[in-house]
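S.K.: Handing you this structure, nothing more for now.
The values are calculated or read from the model by the stated rules, or taken from the named source; none is laboratory data. No experiment lies behind these values; they were computed from the predicted model shown. Backbone-built Cβ (ideal geometry, glycine too); neighbour counts: all protein chains shown. Ligands, DNA and RNA are stripped out before the accessible areas are found, and what is left, the full protein with its side chains, is counted by its heavy atoms. Shrake-Rupley method; radii C 1.70, N 1.55, O 1.52, S 1.80 Å.
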Amino acid sequence: SLLANKISDLHMLFSLLEKDLSNRDMAALDRAFLDCYRNHGITYDNETVRKKRSVPDLKELYQLLADNPETEHLSSGMARLTTGSMASLGGQTNIDVDNDYIVIDVSENEKGLLPVVMAIALVFANGIIEESRIQKKVIIIDEIWRLIDSTSTPLVADRVLELAKLIRALGGSFINATQDLVDYFSLDDGIYGRAVLNACRTKIILP
């Protein structure tokens, strides 16, 4: 289900916004995600996703969580992305990204939100890559350690690893870079960093 995949992406995003989510929180979020998409006529039926229609944004999800006493406490982590200083990220995309070469510059974002913004960019890039197995494409992630180090979460690191392993089967190449290899190995004893490096056929180390 395309919707199930998108909800998985949202859980990954929330793992960065709200650390130590309980099983009850995860279940409440799951219901909120489904309700948010259902309000736009989108269900687990893939045909409802493929048809051209409106789609929800983070601001709608924030309001849905804030209005429900069961999930109100979960909306606080989204405040900066929806009503605060980073509210531009909470609405619909207003830039034409139908280009052969796309650069997503996250350098001007708040340092504490960089992993969140990079995770959003990763999901966006992954969606483009999955559109065709024939068209050649390359995804380049600078400072990838922000997604696989101790400030990240296993949900996010798993997504990066999945992309690194599968991208060649999707007609693409995966290039990642960092200034310090140690950054790859600070989450869960480095299992994700080692796996990402092992998935790369060519490795270049510069002095």
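S.K.: Please determine, by comparing only the residues of the range 1-46 that are of a type in the set (S, T, Y) and crowded, with 18+ Cβ neighbours inside 10 Å, which one is nearest to Y62 (Cα to Cα).
M.R.: Y37
S.K.: Tell me yes or no: at least one residue of the range 105-120 is at positive phi, without any contact (Cβ under 8 Å) to a residue 60 or more places away in the chain and either assigned to a helix (DSSP H, G or I) or open to solvent by 30 Å² or more (accessible area, probe 1.4 Å) (or both).
M.R.: Step one: of the range 105-120, the residues at positive phi are none.
Scanning the range 105-120, I find no residue that is at positive phi, without any contact (Cβ under 8 Å) to a residue 60 or more places away in the chain and either assigned to a helix (DSSP H, G or I) or open to solvent by 30 Å² or more (accessible area, probe 1.4 Å) (or both), so the answer is no.
S.K.: Among (1) under 20 Å from L21 (Cβ atoms); (2) touching a Phe, Trp or Tyr at 6+ places or on another chain (Cβ under 6 Å), there is one condition A119 misses while meeting the rest; what is its number?
M.R.: Of everything listed in (1) under 20 Å from L21 (Cβ atoms); (2) touching a Phe, Trp or Tyr at 6+ places or on another chain (Cβ under 6 Å), A119 misses just condition (2).
S.K.: Can you name the number of the only condition in (1) in contact with a Ser or Thr (Cβ under 7 Å, 6 or more places away or on another chain); (2) under 17 Å from I175 (Cβ atoms) that G90 fails?
M.R.: Result: G90 passes all but (2).
S.K.: Can you work out which of the residues in the range 47-104 that are in a helix (DSSP H, G or I) and basic (K, R) is most open to solvent (accessible area, probe 1.4 Å)? Spell out how you get there, then give the answer.
M.R.: Residues of the range 47-104 in a helix (DSSP H, G or I): 47-50, 58-66, 72-74, 76-82, 87-89.
From what's left, basic (K, R): 50, 59, 80.
Working: R50: 148, K59: 87, R80: 104 Å².
Selected residue: R50.
S.K.: Restricting to the range 148-167, name every residue that is in contact with a Phe, Trp or Tyr (Cβ under 8 Å, 6 or more places away or on another chain), among the charged types (D, E, K, R) and more than 13 Å from S15 (Cβ to Cβ).
M.R.: Filtering the range 148-167 for residues in contact with a Phe, Trp or Tyr (Cβ under 8 Å, 6 or more places away or on another chain) gives 148-149, 154, 157-158, 160-161, 163-164, 167.
Filter once more, keeping what is among the charged types (D, E, K, R): 149, 158.
If the condition is that a residue be in contact with a Phe, Trp or Tyr (Cβ under 8 Å, 6 or more places away or on another chain), among the charged types (D, E, K, R) and more than 13 Å from S15 (Cβ to Cβ), then D149 is the only one that fits.
S.K.: So the check is Cβ under 7 Å with 6+ separation or different chains; which pairs have a first residue in the range 24-52 that's among the aliphatic types (A, V, I, L, M) and a second one that's open to solvent by 40 Å² or more (accessible area, probe 1.4 Å) and not in a loop (DSSP other than H, G, I, E, B)?
M.R.: That search, which allows pairs on different chains as well, returns A32/L64; I42/V49; V49/L2.
S.K.: Oh, and also: Can you pull out the residues in the range 168-207 that are open to solvent by less than 20 Å² (accessible area, probe 1.4 Å), touching a Ser or Thr at 6+ places or on another chain (Cβ under 9 Å) and not in a helix (DSSP H, G or I)?
M.R.: G171, L187 - these are the residues of the range 168-207 that are open to solvent by less than 20 Å² (accessible area, probe 1.4 Å), touching a Ser or Thr at 6+ places or on another chain (Cβ under 9 Å) and not in a helix (DSSP H, G or I).
S.K.: Next up: Have a look at K137, K165 and point out the one that is open to solvent by 20 Å² or more (accessible area, probe 1.4 Å), over 22 Å from L17 (Cα atoms), among the basic types (K, R) and in contact with a strand residue (DSSP E or B) (Cβ under 7 Å, 6 or more places away or on another chain).
M.R.: Working: K165 fails: in contact with a strand residue (DSSP E or B) (Cβ under 7 Å, 6 or more places away or on another chain).
It is K137.
S.K.: Right, next: Can we say A125 is touching a residue at least 60 places away in the same chain (Cβ under 8 Å) and within 14 Å of the chain's Cα centre (by Cα)? So that I can check it myself, show each step before the final result.
M.R.: On the way: touching a residue at least 60 places away in the same chain (Cβ under 8 Å): no; within 14 Å of the chain's Cα centre (by Cα): yes.
Here the answer is no, as A125 does not meet what is asked.
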